[in-house]
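Have a look at the structure below before the remarks.
The values are calculated or read from the model by the stated rules, or taken from the named source; none is laboratory data. The shown structure was predicted, so the numbers you read here are calculated from the model rather than taken from an experiment. Note that we place each Cβ from the backbone using ideal geometry, even for glycine, and neighbour counts take in every protein chain shown. For accessibility, only protein heavy atoms count, side chains too; no ligands or nucleic acids. Shrake-Rupley method; radii C 1.70, N 1.55, O 1.52, S 1.80 Å.
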Amino acid sequence: MTITVGVSIAIPEPYGEDLRDKRRSFGDEMADRIPSHITLAPPLEVDDDGIASLAEDLRELTEVFSSFRVSLLGTGTFRPISPVVFVAVSEGIAQIETLAEGVRKAIGAPDPEFPFHPHVTIAHNVPDEALDAALNDLIDFRCSFEVDAIHLYVDDPEQGWLPTSTFPLG
């Protein structure tokens, strides 16, 4: 049997829930299924029995990374390519890019179709008016936090994306 997994940096509380609340307010149906995060590897299908190996690969990878600071500041959009509005990463970009590249190699994920752009999605596949509202509503959003771990998520058909393992950096 296969399951769908993803690897991300979790947005800590209270920021994570604040951003999910905003995502709900813009009418994004995925708000309750997807925790606020910065994606390191896109969803990937893996065999049930391959999870332990994947986890070990992530554990080995994270041992060589040190914790780092991330700041989120303002908003951006991928329109017209994709109907997405996001909170932008303004500090920690290089560390996230390096970590994401390592994660993709460690778990055998394909290279991204588009250039990797670390961000936190706050509105996706909603009407243009809602995308505009998201872009304007969070333009002054800002927060900073220390990234000291990454997380393996499993997509549960009923509950959404659930964190299943944490891998400390360093």
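The 3J(HN,Hα) values that the Karplus relation (6.51, -1.76, 1.60; θ = phi - 60°) gives for segment 16-29 are, in residue order, x, 6, 4, 5, 5, 4, 4, 4, 4, 5, 8, x, 6, 5 Hz. Gly and Pro appear as x. If you wrap the tightest convex hull around every Cα atom of segment 1-118 and split its volume per residue, you get 126 Å³.
Accessible area per residue (1.4 Å probe, heavy atoms of protein chains only) ranks Met30, Met1 as Met1, Met30, with the largest value leading. Once the Cα atoms are used to define both axes, helix 93-107 deviates from the longest principal axis of the chain by about 50 degrees. Translational diffusion of segment 46-170, estimated by Stokes-Einstein from the Kirkwood radius over alpha carbon pairs at 10 °C in a medium of 1.306 mPa s, is 98 µm² per second.
Please report, as a whole percent, how much of the solvent-accessible surface of segment 1-109 comes from carbon and sulfur atoms (probe radius 1.4 Å). On segment 1-109, the fraction of accessible area on carbon and sulfur atoms equals 53 percent. Heavy-atom accessible area with a 1.4 Å probe sorts Ile38, Ile51, largest first, into Ile51, Ile38. Solvent exposure of Ile81, expressed as accessible area, is near 130 Å², computed with a probe of 1.4 Å over the protein chains only.
Pairs of Cα atoms under 8 Å, at least six residues apart: use those to get the relative contact order of the chain, whole percent.
Reported as a whole number, the value is 33 percent.
In square nanometres, what is one fourth of the surface area of the convex hull spanned by the alpha carbons of segment 113-170? Write out the running numbers ahead of the final one.
Details: hull surface 26.7 nm².
Quarter of the Cα hull surface area: 6.7 nm².
When the chain is described by a simple charge dipole with +1 on each Lys and Arg Cβ and -1 on each Asp and Glu Cβ, the residue from Ile122, Gly92, Thr39 located farthest towards its positive end is Gly92. Over every Cα atom in segment 83-129, the radius of gyration and the widest Cα-Cα span, Dmax, amount to 13.0, 40 Å.
Rounded to the nearest 10 degrees, the inclination of helix 51-62 to the longest alpha-carbon principal axis of the chain is 80 degrees. The residues of segment 19-112 expose, per residue, 50 Å² of accessible area to a 1.4 Å probe.
Rounded to the nearest 10 degrees, the inclination of helix 128-137 to the longest alpha-carbon principal axis of the chain is 90 degrees.
Hey, got a sec? Which GluC sites (Glu not before Pro) in segment 98-134 land in a DSSP loop and have at most 16 other Cβ atoms within 10 Å?
Numbers: sites: Glu101, Glu113, Glu129; in loops: Glu113.
Filter output for segment 98-134: Glu113.
Report relative contact order for segment 1-89 in percent, whole number only (criteria: Cα-Cα under 8 Å, sequence separation at least 6). Walk me through the numbers on the way to the answer.
On the way: 85 pairs, mean separation 24.8, N = 89.
RCO, segment 1-89: 28 percent.
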